Amino acid sequence: MTSSLPDRTALLSARYGGLQTSQSPEALARLAHPTLDTLLAHRSQRNFSAEPLAAGTLETLVAAAQSASTSSNLQCWSVVAVEDAQRKQRLSAIASNQASVRDCPLFLAWVVDLARLGQIGTFSAQEAQGLDYLEAFLVGVVDTALAAQNAAVAAESLGLGINYIGALRNDPEATAAELGLPPRSFALFGMCVGHVAEGGGMDIKPRLPQSAVLHREQYRHDGLQDAVHAYDEVMTGFYSAQAMPGRSSWSAHSLARVRDAKALRGRDVMRAALARLGFELR
Ligand SMILES: Cc1cc2nc3c(=O)[nH]c(=O)nc-3n(C[C@H](O)[C@H](O)[C@H](O)COP(=O)(O)O)c2cc1C
């Protein structure tokens, strides 16, 4: 992918759907770097070919993941690499039958892992009561996400496609059983990794204008409606270009995802599921 990246201006234009960014052409040229181009070129990929990954890819991605910052160096995460076709099929069934889970050559389940530190406490005959607090869970979630995103960027820098799969949380306990997870561990999300199928590549999905997310010195409360209105127009064009029927606007779609408990599609019972997985969250 690195060899065929469009130029920086085109990447930024796609990222903001042609809306104005605050960066001057001179700044864009001065701040150029291939890593930045890889980041700007991200798009989730959902169509994977059967082409196997080069030997050593998994270990390289894990080394990139382990290079992420981690709270107090506690490293409260693990990753389960799934390549077995039948296991991918069962995980796909948990994840609303998403075909990409089945079709990708490598499926990574990113796991919040407080079990390892608990185990170290046991074999060191030391208390580890802090693991029962919500703070420890947050540490694990943050560490897991940072590690996964490093792996995602690493994969994309190698020309591979990735797609996060939050739908593993449709049934955290079934996922835990499928992956053989110990108590006090939780598959936060999955990630499909693979070569993008010929002609199956996705486009860059525009994001909110920077005016809606970038606050200088203090949170700014004005201007949001204008920014969202402009973004809704961009996204309505994007949805129709991508043939995503039924999506009227970004704000309508996003609000529908948070309207009520039912909109969480079964994930409104997460706290109880986490308790059954051994997280006290005090
Ligand atoms: C934690 C997380 C979970 C996600 N879960 C899914 C999923 O289950 N299925 C899917 O197709 N995409 C999933 N996505 C991808 C998002 O839909 C995607 O990142 C978002 O729409 C922006 O599109 P882009 O990644 O192409 O820029 C997930 C992304 C994240 C960060």
Taking one equal scatterer on every alpha-carbon of the range 129-200, how large is log10 of I(q)/I(0) by Debye at q = 0.17, 0.18 1/Å? -0.76, -0.83
Run the numbers for Leu264 and Ala227: contour at 0.36 nm per residue of separation, minus the present Cα-Cα distance, in nm. 10.7 nm
Residue-span extension gain [Gln23 to Glu198] - 0.36 nm each, minus C-alpha spacing: 59.6 nm
Let me spell out the model: positive unit charges on the Cβ of Lys and Arg, negative unit charges on the Cβ of Asp and Glu, origin at the Cα centre of the chain. What dipole size does that give, in debye rounded to 20? 520 debye
In range of the label at Gln119: residues from the range 153-189 whose backbone nitrogen is under 19 Å from the point 7 Å along Cα→Cβ: 175-188
Can you tell me the FRET efficiency between Arg30 and Ala99 if r is taken as the Cβ-Cβ distance and R0 is 41 Å, rounded to the nearest 0.05? 0.45
Run the 1.4 Å probe and let me know the accessible area of Leu158, rounded to the nearest 10 Å². 100 Å²
Got a number for carbon plus sulfur as a percent of the range 188-282's accessible area, 1.4 Å probe? 53 percent
Protein chains only, probe 1.4 Å: how do Thr122, Thr70, Thr9, Thr236 rank by accessible area, largest first? Thr122, Thr9, Thr236, Thr70
Take the Cα of Gln242, step 7 Å along the line toward its Cβ, and report every residue of the range 62-103 whose backbone nitrogen sits under 12 Å from that point. none
Mean separation of Cα contacts under 8 Å, 6 or more apart, over the residue count of the chain: relative contact order %: 25 percent
Distance in nm between pseudo-label sites at Tyr133 and Ala275 (7 Å out along the Cβ direction from Cα): 2.1 nm
Cβ-based charge dipole, the range 1-141, positive-most Cα from Ala27, Thr122, Val139: Ala27
Each label sits 7 Å from Cα toward the beta-carbon; between Ala10 and Glu51 the label points are separated, in nm, by 2.0 nm
State, in angstrom, two size descriptors of the chain derived from its alpha carbons: Rg to one decimal place and Dmax to the nearest whole number. 20.4, 60
If I take every Cα pair under 8 Å that is 6 or more residues apart in the range 106-193, average their sequence separation and divide by the length, what percent do I get for the relative contact order? 48 percent
Only Lys, Arg (+1) and Asp, Glu (-1) charged, at Cβ; the range 80-190 dipole about Cα centre in debye: 240 debye
Loop chymotrypsin sites (Phe, Trp or Tyr not before Pro), the range 209-242, which have at most 10 other Cβ atoms in a 10 Å radius of their Cβ (DSSP): Tyr219
With +1 at each Lys and Arg Cβ and -1 at each Asp and Glu Cβ, the charge dipole magnitude of the range 1-111 around its Cα centre, to the nearest 20 debye, comes out at 300 debye
In nm, the gap between the two label points placed 7 Å beyond Cα toward Cβ at Glu59 and Ala177 is 3.5 nm
Per residue accessible area in Å² of the chain, where ligands, DNA and RNA are left out and the probe is 1.4 Å: 55 Å²
Positive end of the dipole of the range 1-158, charges at C-beta (+1 Lys, Arg; -1 Asp, Glu), about the Cα centre: which of Gln75, Thr9, Thr60 has its Cα farthest in that direction? Thr9
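The values are calculated or read from the model by the stated rules, or taken from the named source; none is laboratory data. Only a predicted model underlies this, so the values are computations on that prediction, with no experimental measurement involved. No Cβ is skipped: glycine too gets one built from the backbone with ideal geometry, and neighbour counts run over all protein chains shown. Just so you know, the surface numbers come from the protein's heavy atoms only, side chains and all, with ligands and any DNA or RNA stripped out. Shrake-Rupley method; radii C 1.70, N 1.55, O 1.52, S 1.80 Å.
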